[in-house]
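All of the numbers you see were taken from the coordinates with simple rules; none came from a lab. This is a predicted model, so every value here is computed, not measured. In this analysis, Cβ positions are derived from the backbone assuming ideal geometry, glycine residues included, and neighbour counts consider all displayed protein chains.
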Amino acid sequence: MAEDEATAEPAAGAPAAAERPRENRRKVREGIVVSTAMDKTTVVAVTERVRHPKYSKTVQRTRKLYAHDADNSTSVGDRVRVAETRPLSRTKRWRLVEVLERAR
């Protein structure tokens, strides 16, 4: 009886553990480029709207993210999408995914 259970194959509809696609748990944010002074690095201001815990008013919080831009393709004012990545330097933990809109 125990041998039959050990050799039993997974259900027909369920994929095996090795075949299952890995979940992407990395964050993706959109923001505006505020600085390109550094080589291969852009500073992106990401604004999020959060509800204040005590006063229940919606407030905007802006955070500056340092993103890796390998070919220095961005300029100040561009709207970009950045994704979380491994630490690239002391402050850089994001990489540029794409430029959504160029500055006018």
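Here are a few things to note about the model shown:
- The spacing between the stretch 38-62 and the stretch 64-86, judged by their C-alpha centroids, is 16 Å.
- Residue-by-residue Karplus 3J(HN,Hα) for the stretch 69-77, coefficients 6.51, -1.76, 1.60, Hz, glycine and proline x: 10, 4, 10, 6, 8, 9, 9, 4, x
- The simple Förster model, with R0 at 41 Å and r as the Cβ-Cβ distance, assigns residue 34 and residue 57 a FRET efficiency of 0.95.
- For the stretch 84-98, Karplus couplings with θ = phi - 60° (6.51, -1.76, 1.60), whole Hz, Gly/Pro x: 5, 8, 5, x, 9, 7, 4, 10, 8, 10, 10, 10, 6, 9, 7
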